[in-house]
Amino acid sequence: MTLTQKSFATIIARVGALAAVAGLPAGLIGGAAWGLGLAGLVVTLAFMYYAWKLASLHSWLDDPKAATLPDAGGLWGDVLGKLYRHIKQERISQQALSAALDRFQRAAEALPDGALMLDKQNNIVWLNSTAEEHWGISLAHDRMQTVTYFIRYPEFIDYLGARQFGEPLALRTSRKDAGGATKEVSLAVQLVAFGEDQMLLLSRDVSERDRLETMRRDFVANVAHELRTPITVMAGFLETLTNVGAGNPDLLQKSLTHMTAQATRMQRLVEDLLTLSRLEDHAARSVPAPVNVPELVASLVIDAGQLSGGRHQIHTQIAEAWLLGNRDELASAFGNLISNAVRYTPAGGSITITWMVEAGAPLFRVHDTGEGIAPEHIPRLTERFYRVDRGRSQASGGTGLGLAIVKHALIRHDGRLDIQSSRGAEQHGSTFTIHFPAARLCAAQPRLQAVA
Ligand code: ADP
């Protein structure tokens with residue numbers, strides 16, 4: 001006998017017994033009509049009792065709380081108790097499920113990558129905020145929309161269609177930033193299968209990696225280009241000498257002079273490259289030591305005089321202040337600014353070199369009365385191999401790395417380079433100023449006394 005049959009039989013037996021208990025004595029005393037009437041009344045009351053309990057159950061199911069559980073004994077009490085336990089169990093598992101979902105969403109939210117969940121039909125089920133940013137999709141507005149409605153790049157549509165799980169796709173996308181400007185973004189995208197025909201679309205912003213890779217490629221191409229010219233020139237002279245022979249002293253002399261100039265150019269380039277790579281090597285950072293800047297600047301001024309060969313007036317203003325840093329790196333930075341001023345200022349111009357403390361902070365400044373630099377070039381001057389006039393830079397012995405060296409030396413000294421220049425105006429010329437933080441100032445080292 002099933003439980004249903006058993007319960008049904010119990011109810012019928014109980015109502016039947018009650019009807020018999022009431023109907024039989026009444027039938028014996030008052031006759032069959034009384035007996036049947038009373039038994040019918042008992043059945044009707046039982047029906048009303050069960051109907052009332054059913055109505056209470058119905059209203060309780062709308063808001064099933066233990067406190068409002070309809071009061072009942074017997075079979076009804078049993079039914080209600082079982083129902084209540086069932087609902088409570090359901091509620092506990094629902095809470096556990098929503099806690100697990102919440103944990104999953106928080107974990108997915110914390111991912112540095114974009115995560116977008118797709119169903120079988122490529123509809124967006126869920127996405128984290130990184131994915132919202134990568135794809136310009138809003139979870140609140142675009143849920144259950146087809147993903148290809150938002151991501152329309154043909155290569156993405158092919159990738160999605162081919163279901164190439166595990167195979168990454170490199171995608172160049174454009175995105176509007178907070179200011180409304182469009183910027184190019186490189187994304188590495190990967191589709192991962194999970195569950196029943198569900199997919200996770202992972203996306204990672206690799207723009208910075210791509211930018212560095214492009215920079216590296218450009219740098220190698222630039223170095224090769226810079227070296228190719230002197231090598232070609234030298235090879236040309238060597239070929240001429242081989243063909244003509246060393247019997248022509250004039251040609252020999254001319255060739256040797258040119259080849260020496262090209263060799264010097266290559267040497268300068270290699271030296272600058274080595275300096276730059278030393279400055280970029282973060283591991284090889286020296287401990288800052290007090291640097292006698294007045295003495296350093298004075299020696300650089302002597303070098304500037306030699307480079308100028310008397311073609312410029314050189315003025316100086318040197319304060320007695322020392323700086324915490326690395327002497328060689330400071331010499332590279334200051335020396336490059338001074339040699340640029342000499343090289344880019346026509347004969348007769350003047351150069352002013354200043355080392356001073358202004359409002360408690362030290363600064364090094366080189367001002368020249370050269371031609372000046374057009375404003376559009378100024379933000380790019382510290383890029384490697386960036387030159388305003390390539391021919392002029394090379395003719396004056398420039399490698400195109402001087403200001404890049406200055407920039408990197410300053411990064412290691414918490415310094416900042418400021419470039420002001422005016423071109424074509426009556427007061428033309430350029431001013432390069434290096435600002436150091438006040439904390440870098442230090443007391444002059446006392447001279448060591450000879451111990452008797
Ligand atoms: P370069 O070896 O070519 O001088 P730098 O990195 O030192 O390379 O300078 C980059 C470019 O900035 C130069 O090619 C030149 O065009 C410009 N420049 C730098 N200093 C000056 C200056 N004092 N006056 C005018 N132009 C300058």
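I need the semi-axes of the equivalent ellipsoid of segment 148-297: take the C-alpha gyration tensor, multiply each eigenvalue by 5, square-root it, list largest first in whole angstrom.
On the way: eigenvalues 578, 144, 40 Å².
Semi-axis lengths for segment 148-297 are 54, 27, 14 Å.
Could you tell me which of the pairs K6/K88; K82/K120; K120/K183; K88/K120 are separated by over 29 angstrom between their Cα atoms in the structure shown?
K82/K120; K120/K183; K88/K120
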| note | Scattering profile of segment 1-135 from the Debye formula, Cα beads only, expressed as log10 I(q)/I(0) at q = 0.10 Å⁻¹, is -0.61
| Global geometry of the chain, whether rounded, prolate or oblate, following the gyration tensor of its Cα atoms and the 1.5 cut on a/c | prolate
| Contour excess over end-to-end distance, with Cα ends at R228 and L45 and 0.36 nm allotted per residue | 54.8 nm
| Once you sort the root eigenvalues of the Cα gyration tensor of segment 220-358 as a ≥ b ≥ c, which label holds: rounded (a/c under 1.5), prolate (a/b larger than b/c) or oblate (the other case)? | oblate
| message | Between A425 and H282, what's the calculated FRET efficiency when r is the beta-carbon distance and R0 is 45 Å? Round to 0.05. | response | 0.65
| Whole-Hz ³J(HN,Hα) from phi, Karplus 6.51 cos²θ - 1.76 cosθ + 1.60, for segment 276-284, glycine and proline x | 4, 5, 5, 5, 7, 7, 5, 5, 8
| Computed helical MRE - 222 nm, the chain, DSSP H runs ≥ 4 contributing -39500 (n - 2.57), nearest 500 | -18000 deg cm²/dmol
| request: Determine the gain in length on full extension of the stretch S7-A261; use 0.36 nm per residue of separation and subtract their C-alpha separation, reporting nm with one decimal. | output: 80.3 nm
| request: Using a cut-off of 10 Å between beta-carbons, work out the net charge of the residues near Q198 (Lys and Arg +1, Asp and Glu -1, Q198 not included). | output: -2
| note | Simple spin-label estimate for R380/A235, 7 Å along Cα→Cβ, in nm, reads 2.9
| said: Order 359-367, 211-219 from most to least packed using the mean count of other Cβ atoms within 10 Å. | reply: 359-367, 211-219
| request: When a/c is below 1.5 the answer is rounded, else prolate if a/b is larger than b/c, else oblate, so apply that to segment 110-178 with a ≥ b ≥ c taken from the square roots of the Cα gyration tensor eigenvalues. | output: rounded
| request: Treating only the Cβ atoms of Lys and Arg (+1) and Asp and Glu (-1) as charged, compute the dipole magnitude of segment 147-304 about its Cα centre; round to the nearest 20 debye. | output: 180
| message | Run the paramagnetic zone check for R209: 7 angstrom along Cα to Cβ, then residues of segment 176-195 with backbone nitrogen under 17 Å. | response | 185-192
| Taking Cα centroids, how far is segment 197-263 from segment 381-452 in Å? | 26
| How many nm separate the modelled label positions at M356 and A162, each set 7 Å beyond the Cα in the direction of the Cβ? | 6.6
| request: Extending each Cα 7 Å along its Cβ direction at H141 and H435, get the distance between those two points in nm, one decimal. | output: 4.2
| For segment 42-102 versus segment 311-330, the gap between their alpha-carbon centres in whole angstrom | 90
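Under 15 Å from the Cβ of I231, count the other residues' Cβ atoms, weight Lys and Arg +1, Asp and Glu -1, and hand me the total.
The answer is +1.
Where a number appears in this text, it was derived from the coordinates with a stated rule and is not lab data. Keep in mind that what you see is a predicted model, and the values were worked out from it rather than measured. When we count neighbours, we look across all protein chains shown, and the Cβ atoms used for this are built from the backbone with ideal geometry, even at glycine.
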